[in-house]
Each structure stands twice: as C-alpha cells, then as structure tokens.
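Notes follow once the structure below has been shown.
The values are calculated or read from the model by the stated rules, or taken from the named source; none is laboratory data. Every value quoted in this text rests on a predicted model; they were computed, and no experiment measured them. Cβ atoms come from the backbone with ideal geometry, glycine included; neighbour counts cover every protein chain shown. For the accessible areas, the whole protein counts, side chains as well, though only heavy atoms, and no ligand, DNA or RNA atoms are used. Shrake-Rupley method; radii C 1.70, N 1.55, O 1.52, S 1.80 Å.
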Amino acid sequence: MKQIFLSFLLMSITIISFANERKNKSLIFENEVIQHTISFDDNKMIPSIYCKQTGTDLLLKESGIPWFEFVINRQLVNSLQPVWKYLKHEEKKLDNGGKEIILQIEGLKHLKGLIIEIHKQYFPSSPLTREMLYLKSQGNKTFTLNKYNGKLHFVFPQYAFADQNLSNRLLETRIATYAQEILPDYQTGYTWDQRKQSQVNNLAYCHMFAPDSLEYTMQADSIVLTKGPFQTIEMNGYTLFTAYEHASQDTRRGFQGMYQPTSTKEQFSNDAAQGVSGVNDLEATDQSLWFIGMETNKKKNHLEVSVKVIRGGYLENEKIDTKHPYETVWTAFAFYQNPVTTQEVIHQYLMEQITSHKPARIPHYYYNTWGMQRTSSDLRGVFTEDRIKEEIGYAAGLGVDLFVMDDGWEVAQGVWTPNERLSNGIKSLVEEIKRNGMIPGIWLSPMGISAQAERYKAHPEWVIRDRNGNPIKGQWDQPVFDFVSDFYDVFVEDCKKLIDQGIRFFKWDAINSFPSSLAGLRHGDETYTAQERKDRYDYLFPFYVTRAMRELREYNPEVLVEIDLTEPQRCMIGLMALQEGKFFWMNNGASGYGDYSTYRTKSMRTIVNRYAGLLPAGIFTFAVYPHNSHPFYAQRYNVNTSLIAGRGFWGDLKLMREDQRQMVYSTVSKSKRVLPHIYSLPTQVQGRIGSSPEIYTCINPDNAYGQVIAFSGSALAYNNRVTVNVKHFLGVLNHAYSLSGNTLNIPFQFAMPDDSREVFILSNDGTGISILSSSGWIDNIQLCSKSLLITMGSDSKFTIQIPSGYTGIKINGEQTNLETHNGFQLIHYTAKSSQTIEITWQ
C-alpha cells in the first residue's frame, strides 16, 4: 500500500498550558500528517485540524459550529458553551500500531458532575483518525438525555471545513443492500425477465448483501443526509472521507419473501426463507433500519459535516448515572490528495485501523462441517464423534488450519452443551482437531432458544413476542431471546465455558432483525411505546454483539468470532463487528447445497468481485466445495475461488479420492507460501464475474511475493502482465512465464469455458537469484543458503540469473556453461516433467 503523504513513524501528543490555567489550555495531538488541537479558551471546547503537507487549517475558524451537541436535563448543551473544564487525559498504545488518547472534560455550573470522555485514535503517517464519546456521571449525580423539539438530538462529531467551491461532489457508499441488481440501471421492461416467474436464486442477485452508491451535487444552502457508512466529498484540493461504525441492513428487501419489494404498510414479515414469523404493528419501512446519518450542510465558505442520531439512539429521559454511561459509535475522518485513493484509505482503515485484534485479520484455511451434514438425510444426526473425527482427518489432508463444528453438536439451541451422540463431550473432538494441527471452532446461534429448554421456561421475560403475546419464531422455527437484556451475560458465560474446553473460534449464526419491544429489559420499560423500545433495541443490538466479541477476546486473546451474513435480515452487517471479527458472507449464492459445479462457486466469487476496492478480501470468509465430482470436474475452479478470499471448504470430504485431496493440499500449500506477505494488501480485480478474462492480482511491491488467480468465461488466450520488484523476484509456481524488465508476462491459455489458472510468485528474499523465464510450469522452488531446487511440472526451458559473486556453480553436481550479462551469471537449461534440478554454489 502506498504511504499516505509521509513515511515516518512518529506520533506525539503535547499539552501546552498558558498563563491562566483555569481558562486557557490547549491539547495538541499530532503525527507526521496532521495536527489536531483542542483549545479550552474561556471554558469552551474548540477543535482545529492542521494539514502539515499544505500548511493550511482545514477547519473554518470562528465558525460557530460546536464539536458536539445534545440535550441534557432538557437543556441544549454544546461544546461552545463556557461550561467545560479540562480534567485530564491519558494515552495508550494500540496493538495495531496506533495510539489512543482518552480525554476527560468535566461540566461546570448546571452540568457539575457530568464527565465527557472523548477517545481519539491516531496512526503513523495516516490522515485517518477515529473518535467516539462517552457521557459519564460522578458522585451521586443523575442526568437525563432528552429530545429537542420532539426529536432525538445527539450530534458528534461535527466540523466546519473551510471550502470556497461553488459546488461539491458528494458520494455515499453503502454496503448492506440485499439482493441488489448487478446492473444498477437495469430496466425490467426492456424484455421478458424470467426471474419474476419463481423465487429461485440466480447470479443476477446472488442471494447476498451488495454495495450501492448514490451521488449528490451540493450547492449553496443544500443539505444532504446519508446512511453510508462511507461518504466522500471532493473539497478544494483534497478529498474528505467520513465513516461511522454501526450495523443495519440498507433496505427491507428480502424481509417479505425473496426479492419482492415491500410496501410501507407491511407488518413485520413472514419470511419463508428465514423462518421469521410473527405479527406486529411496528413500523416496517426502509427508514426503520436507519439509525445514524452523516449530514453535510453547504454554506458559502464552508461545509458543515456531522454524524447524528436518527433513530433509537436513546430514550426520552434515559438516565446517565455511575452505573449507566452513554456511548456513541466510533466515527472516522480522513483527508487525502492524489495519488492516494479512497480505496487505499478504506482498505487500511478496515484491515488495520478499525481493530486492535490481530487474529481478526490473520487468514486461515478452514473447514466447516455443515456442507457435509447437508449431504445426509439426518443433517444433525450425522454429527457423531466417529463421523466428525473422520472428517477432521480429511480436512487436515486438505491443508486446513481451522476446523469448525457446525449445528448438530449441541443438545438444543440455547443449550450449549454436547448432545448424547457425543458421549465424550467436545473434549475428544477438540483434542483430535489439535492433534491434526488445526484450531478448534464451533457454531452457535446466540439468540436461538428451544421451547423445551429449562432456560426458556425459567426466563419468559427474555422471549421476544409478537403483538398477540406469541413467541417470535426465528431460524429453524425456534423462539429467540432478547440479547439486550441480562441474557447477554448468560450467553457470554456459555461461550467462556466453551473457551475453557479449547474452543478458539466461534461462528455466530442467525443474528437477525427481530422486533423486540419487550419492556423492562435494557431498552426501555412500560412508560415507552412498543415502537420506541423496538427502535432502542435495534440501535443497541450491534453494541451488545460487538461487546460480547470483545469480552471473549479479552478472556482469551486467541479467540475470534465471525458473524454469519448469509441470509436476508442479518442485522449485523456494517462496520462495528469488524472492530473485533470478520464476516461469513454467503452460504450458497446462486444455487443449492451439493452443487459441485462452477455455477455455485462463481456466485461465491461475486462477493470479492462486487466489493473490490471497497471492503478488503481479508474480512470475508465463505466455503466452496473442493470436490472433483462427475460431470463437473470443477475442483480447480472452485479451489481457486477460495484462494482469492473466503479460504473455506465444506462438503462430504469422504466423497473425494485421496489424490483429489492431495491436489487441494498442494494448491493450498503454495498459497500459504505467499499468503503471509499479501493478506493485508488490496486485491486488484479485472473483469466482472464470468468475464473473459476475470483476474485477481495481489503482489507485495516490496518483496515480490504474490499471487494471480484467473478465470475465463470462454476459451481464450490472454497474455497477462503484472509489475514485480525484479530485485526480489525468484520465480513462479504453476504457470509458464517470462520476465522483461519489471514486467512479468504470464501467457494464460483457458482451454474451455469456465476455466481457471493460478500463479504463485515467490521472493528470493534479497539473494539476487531469479528464474527469469520458464516455458513450462514449475511445481516447486526451494531456495536454500547454497542451493536452489526446482521441480518441474512439465517439460520446460528456463533461464536462471545468479549474481556474479556466486562461484563454483553446478547443476545436479556437474559444472555448467555460464553466460555473463550485466553483472549476473545466466544459466539456460532444459528439463523434463517431474524432474528436480539442483543448482549449487560455493
């Protein structure tokens, strides 16, 4: 990734005190790119942002725009009122290389006892900062949050960016629109559309969440409110990026039967695909899913940009006391100039800066038992100790790092203990997984609860109900518990017990949008309407899920949670969960279980293709079938899809022959050689799904490690060219190639429709040795301190470049003729398929 502006590693914080310490004090936070100053002149709080590269202040001085604004005890409060006093601040280093400053300000006069705690995060050489705000109480003081003119009113942060443009281009980017058209301007009236005739999935929708964007032209006195979570504005000489970290679906598409539009008069849906059932009079519109907005107000000489609560952010008279602080979402701001792109900023933000949990970004190849279970007529009964142990062995044979035990291990939903089929509990399976060198993972449905469970009977107050008092039915026709309640603590304890038994990975499934309007829990009592309680529940739900993920990580730093987003109504889609984990994005896409063809895996790849340049491939997991079944023989195509992202397999591995499992192992092993060097880098995507060609390239510009995975919808010859660091280039596995200057030429030949090729680029780790070309494909290259081993996959002529300082060069123990060129020694050699060539030197 390009360094943004500068490339130093300094970050600092300075406090400057002036003569009158009570009234005049400033805090300066800075790195190599930006300087943030917060002044407390006359007991007001005024932020400023200084760009070191251009030497300009980005914020308009004396704008009259407060940094924060909300209503406390029925009084409008903002940062420009002379009622704030600097109390203290502290710094802490983050595991992602950043620094967090925690600033505490105490209220004066009528706000005495109120503490504002602002968290700000900075990162080396980056213009991006994150910030969030807590409201706390000290002593026995109690405060209340209130509405303003009958509406929720909480604004943080808010800035006035100086700008003289007559107009500004604003781009809103969404990530959570379910079943989006691939062609945004598709016209259904142009021709007959067979999709209207049935509810089957297809590649036009792919049964997935998808990105969407809206563009606005802002002129004087115009106001735009966007849902995002991303927004960019073209300013005078730079781009301003804004994001916030919450979660919700963009529209209600998918709630009321697959792909059917919903009207504003609908009651809560009865979705056959999800099994969500229940009747409510609660609002069911797209607006009911919109909780936070980014508002931009264009003025003559500046732009006012703010993040504000839209729905559910708090209840009227919600208390703030010592036991009940109030917290906002995290937001992110960045500014940058060419050649830095928004895609680079977002990639670094989501891969590195949003999380301090390193395991959340380290890639693992994993296996999930659900695909195997779906091949059985008894999809949960097949989950026995002997059968799973058998599958553990097969999965290890694929090169899998992480083994996930899916639904079927538990007694029942909500009873997270092993059932009678696992007479030795999960301990025996966990030990077997570890013995095979894999990480033990397990499936849970956090909210699901069996009606026969003792917990269900003991806690009717947690059961989400419809307007008639009947339990809402969630996934698989099970009742569901309210997560914004004391049940949260019970569930976290369930997970900790599993961690104590060796579990290090959780797959949390069926986290849906349920209409919880229960009273007396943590989102409102009977004094509020059912709609108010439901809105508060929806707003708080991502906080609680993410908090649970964080609590488990703090309990054991090796633990990682992924959130399943494979169905409509999955309300955790957004940025908040990425603070701690990652997303399992799709189950089947355009086809059903057991589809071993290229059709299914093509829809899996749609995730990476459509989110290219927006969401990093490293946050996605999904599973493909690694089988090579008749008549498809699509193993290579399917496995290659998993190499670019997802990195998951499932299915009945017993159906595979040993040589087929070995083929997957060979490919995965080669991928693992380059993966540590590229997983945090953006993937460059060429071509849409099904294109000829469709290529995914990821190469480390520093050390030359990389991979190129290519597909083609038709038979095609295509010479692909990529740039590599020739100084560090060693060679290429799995494809013929030639190096010309810093350009690597890869002559792809796709022999049939839906064909695939994979290329693994290795580094010489600074030795200067390079295999400049090979007319055939190389199966393995091993560079040792005084030798180079090359195993051919096919007959080949190749050229090797060795620095002139290497002496006594031999091939297979014999002297060889050397050609001298530009300070290097060149070897030209012809080898046969499967032959291993050993080149040695002194």
* Listed residues THR342, THR355; which is surrounded by 16 or more Cβ atoms within 10 Å (Cβ to Cβ), β-branched (Val, Ile, Thr) and touching an Asp or Glu at 6+ places or on another chain (Cβ under 9 Å)? -> THR355
* All but one of (1) exposed (fewer than 13 other Cβ atoms within 10 Å of the Cβ); (2) part of a loop (DSSP other than H, G, I, E, B) hold for SER794; which doesn't? -> (1)
* Asked: Going through the range 127-151 one residue at a time, which ones are buried (at least 16 other Cβ atoms within 10 Å of the Cβ) and either at pLDDT below 95 or among the charged types (D, E, K, R) (or both)?
  -> PRO127, ARG130, GLU131, LYS136, LYS141
* Could you give every pair whose Cβ atoms fall below 6 Å, whose first residue belongs to the range 811-831 and is farther than 16 Å from TRP841 by Cα and open to solvent by 50 Å² or more (accessible area, probe 1.4 Å), and whose second residue is at pLDDT 90 or above and small (Gly, Ala, Ser), counting only separations of at least 6 or pairs across chains? -> none
* To do: Say whether the condition of being surrounded by 23 or more Cβ atoms within 10 Å (Cβ to Cβ), among the polar types (S, T, N, Q) and either part of a loop (DSSP other than H, G, I, E, B) or in contact with a Phe, Trp or Tyr (Cβ under 8 Å, 6 or more places away or on another chain) (or both) is met by at least one residue in the range 602-617.
  => no
* Asked: Name the residues in the range 665-694 that are aliphatic (A, V, I, L, M) and free of Cβ contacts under 8 Å to residues at least 40 places away in the same chain, would you?
  -> ILE678
* Which residue out of GLY731, GLY741 is open to solvent by 40 Å² or more (accessible area, probe 1.4 Å), over 30 Å from TYR205 (Cα atoms) and of a type outside the set (Ser, Thr, Tyr)? -> GLY741
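Residues checked against (1) open to solvent by 30 Å² or more (accessible area, probe 1.4 Å); (2) at pLDDT 95 or above:
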{"position": "GLY275", "(1), (2)": "no, no"}
{"position": "LEU282", "(1), (2)": "no, no"}
{"position": "THR285", "(1), (2)": "no, no"}
{"position": "LYS308", "(1), (2)": "yes, yes"}
{"position": "ARG311", "(1), (2)": "yes, yes"}
{"position": "GLU318", "(1), (2)": "yes, yes"}
{"position": "TRP330", "(1), (2)": "yes, yes"}
{"position": "ASN338", "(1), (2)": "yes, no"}
{"position": "ILE392", "(1), (2)": "no, yes"}
* To do: Select from the range 64-82 the residues that are among the polar types (S, T, N, Q) and in a strand (DSSP E or B) and write down the one among them that is most open to solvent (accessible area, probe 1.4 Å).
  => GLN75
* Structure fact -> Picking from ILE709, ILE695, ILE689, ILE746, the residue that is of a type in the set (A, V, I, L, M, F, W, C), touching an Asp or Glu at 6+ places or on another chain (Cβ under 6 Å) and closer than 30 Å to PRO631 by Cα would be ILE709
* Does any residue in the range 144-172 that is of a type in the set (Lys, Arg) come within less than 8 Å, Cβ to Cβ, of a residue that is open to solvent by 10 Å² or more (accessible area, probe 1.4 Å) and not in a strand (DSSP E or B) six or more places away or on a different chain, and which pairs are these? -> LYS147/HIS153; LYS147/GLU316
* Asked: Is it the case that the range 717-725 has a residue that's closer than 18 Å to GLY690 by Cβ, out of contact with any helix residue (DSSP H, G or I) (no Cβ under 6 Å at 6 or more places or on another chain) and not aliphatic (A, V, I, L, M)?
  -> yes
* Would you mind stating whether ASP755 is more than 30 Å from LYS602 (Cα to Cα) and of a type in the set (Asp, Glu)? => no
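Residues that are more than 28 Å from TRP508 (Cα to Cα) and of a type outside the set (S, T, N, Q): find the strands (runs of 3 or more DSSP E) completely inside the range 621-733 holding 2 or more of those. Quick ask: steps written out before the conclusion?
Numbers: elements: 648-650, 684-686, 694-699, 706-712, 716-723, 729-733.
Correct list: 694-699, 706-712, 716-723, 729-733.
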* For the range 83-95, does any single residue satisfy the condition of being hydroxyl-bearing (Ser, Thr, Tyr) and crowded, with 21+ Cβ neighbours inside 10 Å? -> yes
* Structure fact -> Among the residues of the range 672-708, the number that are touching a Pro at 6+ places or on another chain (Cβ under 9 Å), more than 15 Å from ASN640 (Cα to Cα) and hydrophobic (A, V, I, L, M, F, W, C) is 1
* Matching entry among GLU32, GLU117 (being modelled with pLDDT of 95 or more and open to solvent by 10 Å² or more (accessible area, probe 1.4 Å)) -> GLU117
* Which listed residue is of a type in the set (S, T, N, Q), assigned to a loop (DSSP other than H, G, I, E, B) and more than 23 Å from LYS227 (Cβ to Cβ), from THR527, THR566 -> THR527
* Look through ASN297, ASN270 and report the one residue that is of a type in the set (S, T, N, Q) and either modelled with pLDDT of 95 or more or buried (at least 22 other Cβ atoms within 10 Å of the Cβ) (or both). => ASN297
* When the range 40-63 is examined, which residues are found to be more than 23 Å from TYR336 (Cβ to Cβ) and either free of Cβ contacts under 8 Å to residues at least 24 places away in the same chain or open to solvent by 60 Å² or more (accessible area, probe 1.4 Å) (or both)? -> ASP41, ASP42, LYS44, ILE46, GLU62
* Asked: Quick one: GLU493 ticks every box in (1) touching a residue at least 12 places away in the same chain (Cβ under 8 Å); (2) open to solvent by 20 Å² or more (accessible area, probe 1.4 Å); (3) assigned to a helix (DSSP H, G or I) bar one, so which box is it?
  -> (1)
* **Qualifying position, being farther than 30 Å from THR331 by Cα, at pLDDT below 95 and not hydrophobic (A, V, I, L, M, F, W, C), among SER642, SER666, SER603** => SER603
